[in-house]
Amino acid sequence: MFAASFKSETRKIFTLKTWWILGLVMFLLTALSAGTYGLLAMLSDQIPELAMIPIDALTIYGSITSAGYVIPLLSGALATTNEYRHRTLTPTFLATPKRGIVFSAKLPTQLLLGIFYGLLGLAAAVGLGAPLLLAAGYETALSDPSTWWLFLRIIAVLAIWGAIGVGLGALVKNQTVAIVIALVFTQFVEPIIRTIGAAFEWVSEAVKYLPGAATDAFVGASAYSALGEVGSTGLEWWIAGLVLLAYTVLVCALGSQISWKKDVS
Amino acid sequence: MSKEVTLELQGVSKKFESTLAVNDLSFSVHPGKITGFLGPNGAGKTTTLRILLGLVSQDSGRALVNGQSYRELENPANLVGASLDSNSFHPARTGKDTLMVQTSAAGIPDARIAEVLNIVGLTEAANKKVGEYSLGMRQRLGLASAMLGDPQVLVLDEPINGLDPQGITWVREYLKHLASEGRTILVSSHVLSEVEQTVDSLVVINRGKLVYEGTVKNLRSQTKTSVFVSATESAKLEAALSASHKFIKREDGVVIEDVEPQEIGELALKNGIALTQLRTESTGLEKAFLELISNGGAE
Ligand SMILES: Nc1ncnc2c1ncn2[C@@H]1O[C@H](COP(=O)(O)OP(=O)(O)O)[C@@H](O)[C@H]1O
Ligand SMILES: [Mg+2]
């Protein structure tokens, strides 16, 4: 039952264009952010002010997640909201009436897509970032095992965001609303809260637990920790990982137990 | 797996906010026959079918397929095929890809896809996006999807809706063919004349309640036909009729209720009246159906 449902979910993805369009956006986003940091690195010996920004290889590679975690989030949310929007829950639940199986089959497909987006992001960040770093006279750190450990965490966290998207979409139902929530929260709401949080110590303690902050802390190297949050130290990486897992479990439980079980009429 | 699959509702009720869509409904559908599920728009047909197929949860009662609830069935697509909604396809997927999603979920070999597309006449449109399909083509795709598992039972919600006359004839013939193979078919419609020639049995509901369950023949015999008659000497005709019949005057003739044309013909002959027209005004079946669904008033 589960294997059949998983195969069906995979076919749902590869019979539409969304997966590769999002992959392309992921590639371009990361190339843009890695390229920007790479250029800053190159310019830093001419413009002394830039040297204040601690740019290194890990910052560039880590920018994959802060720029790109919205991509698997959207991918996951589309996987569930498409079913409501195009009323395809009818044929889906006719073939697989045990709804929990359908929901749980969407998770591994989005985890795998998250890994795929992570690999694309790495290709862009390393492919563009490493040459720029070399040109600026910096280390690429590619021979350092801790860099590869960073890559693993990047891929893992993007996979997790795919699962969060599945739960969010299932819960919210409305596709437009889900997309707006995903974009507005990740691109505006959380960054603003984090910027404010950096100024007040008591807020910054709570801000650490926000999903984007936990993502950065899990990865351990990102534009945010490089640029903004001077005062805050962020969570331990493994605590941040647990916080993200807790978000995933919460949103998937709500999505699959509330909206997903409603009447399909 | 038993060949004799039945569908059964036992005291099913469902309320949406303030609307009681299905009201203590019980009926069963027997194998090897086509059962028409009729009722005016809003009578609760779609809701009932969705309850039967586990898509909508009833508030009370039981809905059974082969003695089990649909949600408990291990691989339902091989037992029950359903086409409920011609708008339940992703418009950017091709017809073939739409079926590929279904075969994988139900563990049906992909080779079956070409077969069902051929049966419903969509082979040439297989690689077109469903968004470019007409309503009739989407109805055919729904039927193709229902037939993927070669199921013993078919549940179809208004499958004729949106088809051209050719398509309507084709669906009727195809359903008859499927029933002749011993399959159980439940087909809904809000227009009796649409399915009258196709179905063996009728389940009629109005406002969520059962108002008739039985054969078409039985319902037909419940009322007589009314007859329209006109004559060159209309005054003489009316005089002859008034002794024995109640009639309604029209501009060009009269209508007599609950009578067979033969009786009026004989009466005219006896009185030496030359008739210009003598015909059945409305069939007894239609009248009986309208009576069933006007009791309690749908609107
Ligand atoms: N999801 C829903 N929410 C609220 N009311 C509904 C819903 N689905 C159906 N209804 C109402 O229930 C009644 C029966 O509808 P339906 O089963 O679609 O009838 P039919 O298929 O016979 O036209 C109608 O009054 C309809 O408005
Ligand atoms: Mg209906």
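Any read-out appearing in this document is the output of simple, stated calculations on the displayed coordinates, not a laboratory observation. Since we're looking at a predicted model, the values are computed, not measured. Quick reminder, even Gly has a Cβ in these numbers, built from the backbone with ideal geometry, and neighbours come from all protein chains shown.
For this structure, a couple of remarks:
- In plain terms, the residue of B:ILE51, B:ILE264, B:ILE119 with the fewest other Cβ atoms within 10 Å comes first and the most crowded comes last, giving B:ILE119, B:ILE264, B:ILE51.
- Only beta bridges with both residues in the protein assembly as shown are counted; by DSSP, about 65 percent of them are antiparallel.
- Student exercise, the protein assembly as shown dipole from Lys, Arg, Asp, Glu Cβ charges, in Debye to nearest 20: 720
- From most to least packed by mean Cβ count within 10 Å, the peptides A:163-176, A:146-159, A:12-25 give A:163-176, A:146-159, A:12-25.
- Each Lys or Arg adds one and each Asp or Glu subtracts one; over the other residues with Cβ under 10 Å from the Cβ of A:TYR84, this totals +3.
- Residues whose placed amide H lies under 5 Å from that of B:ASN206, excluding near-sequence neighbours: B:VAL211
- Across the stretch B:206-222, rounded Karplus estimates of 3J(HN,Hα) from the backbone phi angles (6.51 cos²θ - 1.76 cosθ + 1.60, θ = phi - 60°) give 9, 6, x, 10, 5, 10, 7, 9, x, 7, 5, 4, 4, 5, 4, 7, 6 Hz, Gly and Pro being marked x.
- Neighbour-count ranking [beta-carbon atoms within 10 angstrom, fewest first] of B:VAL203, A:VAL243: A:VAL243, B:VAL203
- Residue by residue along B:51-61, Cβ atoms of other protein chains within 10 Å of the local Cβ number 3 on average.
- Computed per residue of chain A from DSSP H runs no shorter than four, each worth -39500 (n - 2.57), the mean residue ellipticity at 222 nm is -25000 deg cm²/dmol.
- Estimated from helices alone, the mean residue ellipticity of chain B at 222 nm is -9500 deg cm²/dmol (sum of -39500 (n - 2.57) over DSSP H runs with n ≥ 4, per residue).
- Considering only B:LEU156, B:ALA144, B:VAL191, the residue lying farthest towards the positive end of the dipole of the stretch B:111-202 is B:ALA144, judged by Cα position with unit charges set on Cβ.
- Listed residue (A:GLY38, B:GLN222, B:ASN41) projecting farthest to the positive dipole end of the protein assembly as shown, Cβ model: B:GLN222
- Helix A:99-135 vs. chain A, principal-axis angle (Cα, 0 to 90°, nearest 10): 20
- The stretch A:40-49 - phi-based ³J(HN,Hα) in whole Hz, Karplus 6.51/-1.76/1.60, Gly and Pro as x: 4, 4, 5, 7, 5, 7, 8, 10, x, 4
- Simple label model, 7 Å out from Cα along Cβ direction - B:GLU251 to A:LEU183, nm: 6.2
- Long-range HN-HN contacts of B:THR94 with modeled amide H, under 5 Å: B:VAL130
- DSSP beta bridges fully contained in chain B are about 65 percent antiparallel.
- Shielding of A:97-107 by partner chains, average beta-carbon count, 10 Å: 2
- Nearest-ten-degree value, helix A:145-172 long axis tilted from longest Cα axis of chain A: 40
- The stretch A:248-261 - phi-based ³J(HN,Hα) in whole Hz, Karplus 6.51/-1.76/1.60, Gly and Pro as x: 4, 4, 4, 5, 5, 5, 4, x, 6, 8, 9, 4, 4, 9
- Ordered by the count of other Cβ atoms within 10 Å of each Cβ, fewest first, B:SER26, B:SER188, B:SER69 give B:SER26, B:SER69, B:SER188.
- In whole percents, the pair-distance distribution calculated for chain A from its alpha-carbon pairs, binned every 10 Å from zero, is 7, 29, 32, 20, 9, 2, 0.
- Computed from Cα positions, the angle between helix B:111-120 and the longest principal axis of chain B comes to roughly 20 degrees.
- Residues with amide H under 5 Å from that of A:TYR209, placed H, sequence gap 5 or more: none
- Cα-based Rg of chain B normalised by 2.2 N^0.38 Å, two decimals: 1.22
- Within the stretch B:197-296: Cβ-based charge dipole about Cα centre, in debye rounded to nearest 20 (Lys, Arg +1; Asp, Glu -1): 200
- Averaged over the residues of A:83-92, the number of partner chain Cβ atoms lying within 10 Å of the residue Cβ comes to 6.
- Electrostatic dipole magnitude of the stretch A:2-259 [Cβ: Lys, Arg +1; Asp, Glu -1; Cα centre; debye, to 20]: 1620
- Here's the picture: charge each Lys and Arg Cβ at +1 and each Asp and Glu Cβ at -1 in chain B, and of B:SER57, B:SER234, B:PHE247 the one pushed furthest to the positive end of that dipole is B:SER57.
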